[in-house]
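Notes follow the structure.
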Amino acid sequence: MDKLLNVALPKGRLGENVYKIFETAGFPCPSILEGSRKLIFENREAGVRYFWAKPSDVAIYVERGAADIGVAGKDILLEYEPDVYELLDLDMGKCRMAVAAPKNFKDDSRYTLKVATKFSRIAADYYASIGRDIDIIHLNGSIEIAPILGLSDVIVDIVETGTTLRENDLEVIETIVPISARLIANKSSFKFKQEQIEKIVREMSGHRKQ
Amino acid sequence: MKFNLDVLDESEKIMFALRTLYSSKGYERYRMSKFEEYDLYSRNKDFLVSDSVITFTDMNGRLMALKPDVTLSLIKNNKDHPESLKKLYYNENVYRVAKGSNSFREIMQAGLECFGSVDSDCISEVLMLAVQSLETVSEEYILEISDLQILSALIEAVPAPAEVKQQLLKCFSEKNRHGIRQICSDNGICREYAERLQTLISLYGPPGKVLEKLTALCLEQGLEAEVKRLVDVIRVFRDTAYQDRIIIDFSAVSDMNYYNGIIFRGFIAGVPDSVLSGGQYDKLMQKLGRRSKAIGFAVYLDKLQGIKR
C-alpha cells in the first residue's frame, strides 16, 4: 500500500496558508510554492504528497480515499455531508453562511420565498428548521445579482467582509452558521495511517493555539 | 463432476472461502429464493443501507420487492426461539443504490446472523468470525469495535433535548471534538459533560491502550457492568495473532433505534470505506415482535473489486 500521506489542499489563498502550517508541522515540500502549473507535489523524505484541488472537491477526494486527509470549509461539509472524520477546526478562512436581501426587504409569509443559492441543502435545512416554505433556485456563481434581477427574494451565501453585498445594495438579515476551514480525514486511511495523521493533528492544533 | 478452481474469479473465491469459514463454525446456509412484500422493508427503512427499493406487483396484486437486504427477511422467516441459539449465514445478491448515484446495482453480499440466546461467548465468536472474514479478504485489515450501551449512556446523561443529542452523536461519528464543545456551549450544557464526551471520543486504539482509561471513565459514570461486558467479549483476541487487528473506537455509530450493545466495522487498506459492518440488533428484533436477541454482520463483496489478496 502507498505509504505516502496524500493531502488534498484547496486551491487559492487558504490552501497556501494551510500548506505553511503543514510545513511548520514537519511536512515540508518546498517545490509546491514555486508557482509552477503542476498540481501534484511529493516529498518522499517527509512521507507526504500534496495536491491542489478545487475547494469544493476536496471532500470528495477524501471521502473516496484518493486523499487521506484534506482541508475543506465547513460550508462544503454541511452541503455535501461526506462520510469523513472532521478532526480539527483550523480557525482559518473564517466567514459565515448568511441570508442576505435587498435593503428594506420584508418577508411576506403569504407567498413562497424564492431563495437563490449555491448551497441548496444548507438553505433547505435552515428554512425547514424555521418552518418557512421556500423555492430554491440553484446557481453556481454571482448569486448577488439574483435579487436585483428579480430572480429571487433573498440569497443564501458565504459572507466574509460584506463588501460585495453592500456594493450590490444587499444586507445580511440572518446568520445561519459560522464557517471555517476544517481538517478532514478518510475513515479507512485514518486506521492505516493513524500515526502520521495524529502527528499532523497534534502539530496543527498546537500551531492553532499560538 | 469435474471442476477446476482456476475458473473462479477473485470475488467467487472470497465467497467460497467465507462460506467454508462460516460453515466450519456450525453456521447453516440460508437461501432466499422468494420475494418479500415491500411493506417489510418500508416499515424498517432506516435499518437499510439505502432506502430505495425496486418494487413490482406480484400475480395476486401484492406489492413485492427485490431484496435490498437479507437480515430482515432472515428474521421474518425464522421462528422466534429465545431459549436456544440459531446460527445462519447467507450469500446473496441484493439490490441497492450507491450513495451519490442514481441507479440500482446488483451487489453480492455475504453475512451471518445469530438469533436467540445471544451471550458473550456468542458475541465473541461473531467478532472472531468478522476478523477472520477480513483476513480472508486482505492482509492489511482492522476491525473497529464500539459499544452503544456505553456511548448512549453518556449521551443520554447530557441534559439536552433529543435533537441536540442527535447532533452530539453525529459529532461522534466524525471524531469531531470541536463540534461537541461548540454544541455544548451553544446549548448552555455544563463543560463537565462536554469534557466527558470529548474524553470518550479521544479513546480509540488497541484495547491494551484504551481499556484502562475507558474503565475509569465508565466506573465514574456507574457503567461498571457495561464496561465489564465489553472487556469480556474482546478477551477472545488476547494473545492471538489478531490482537493488533482490533481497535476500540466510539466513532463507529449505528442507528440506536435498531442496534444496541456491541457494534463493529471492518476496514481493509486501499478501500475508502468499511467493507464489513455489524452488531447486536435486539431493538430491531423487538420491533418485529421477537423476543430473541440477535447479532450479525455483512461483508460487502462489491467493495473488494481490484483488491489483491
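The values are calculated or read from the model by the stated rules, or taken from the named source; none is laboratory data. Everything numeric here is computed off the predicted structure, so don't read it as measured data. Quick reminder, even Gly has a Cβ in these numbers, built from the backbone with ideal geometry, and neighbours come from all protein chains shown. Areas reflect the complete protein model, heavy atoms only, side chains present, ligands, DNA and RNA absent. Shrake-Rupley method; radii C 1.70, N 1.55, O 1.52, S 1.80 Å.
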- away from every other protein chain (no Cβ under 14 Å), in contact with a strand residue (DSSP E or B) (Cβ under 9 Å, 6 or more places away or on another chain) and closer than 30 Å to A:Cys29 by Cα - does that describe any residue in region A:119-138? no
- Task: Considering every residue within region A:187-209, establish whether at least one is assigned to a strand (DSSP E or B), under 30 Å from A:Ala66 (Cβ atoms) and open to solvent by less than 60 Å² (accessible area, probe 1.4 Å).
- Result: no
- Message: Can you tell me which condition A:Asp107 does not meet? The list is (1) in contact (Cβ under 8 Å) with a residue 40 or more places away in the chain; (2) part of a loop (DSSP other than H, G, I, E, B); (3) in contact with a strand residue (DSSP E or B) (Cβ under 6 Å, 6 or more places away or on another chain), and all the others hold.
- Response: (3)
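Condition check: open to solvent by less than 60 Å² (accessible area, probe 1.4 Å), farther than 26 Å from B:Arg29 by Cβ and either within 14 Å of chain A (Cβ to nearest Cβ) or touching a helix residue (DSSP H, G or I) at 6+ places or on another chain (Cβ under 7 Å) (or both). Does B:Ala98 satisfy that?
In short, yes.
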- Flag for A:Ala59 being among the hydrophobic types (A, V, I, L, M, F, W, C) and outside any strand (DSSP E or B): yes
- Message: If a residue counts only when it is modelled with pLDDT of 90 or more and within 20 Å of the chain's Cα centre (by Cα), which strands (runs of 3 or more DSSP E) contained entirely in region B:1-116 have at least 3 such residues?
- Response: B:85-97, B:104-116
- open to solvent by less than 10 Å² (accessible area, probe 1.4 Å), of a type outside the set (Phe, Trp, Tyr) and away from chain A (no Cβ under 14 Å), is that true of B:Val233? yes
- Query: Of all residues in region A:181-198, which are under 23 Å from the mean Cα position of the chain (by Cα) and either within 24 Å of A:Glu16 (Cβ to Cβ) or within 9 Å of another protein chain (Cβ to nearest Cβ) (or both)?
  - Reply: A:Ala181, A:Arg182, A:Leu183, A:Ile184, A:Ala185, A:Asn186, A:Lys187, A:Ser188, A:Ser189, A:Phe190, A:Ile197
- Message: Just checking, does region B:208-218 include any residue being within 13 Å of chain A (Cβ to nearest Cβ), out of contact with any strand residue (DSSP E or B) (no Cβ under 7 Å at 6 or more places or on another chain) and either assigned to a strand (DSSP E or B) or at pLDDT 90 or above (or both)?
- Response: yes
- Looking at region A:1-45, which of the residues that are more than 14 Å from chain B (Cβ to nearest Cβ), open to solvent by less than 20 Å² (accessible area, probe 1.4 Å) and not aliphatic (A, V, I, L, M) is farthest from A:Glu63 (Cα to Cα)? A:Cys29
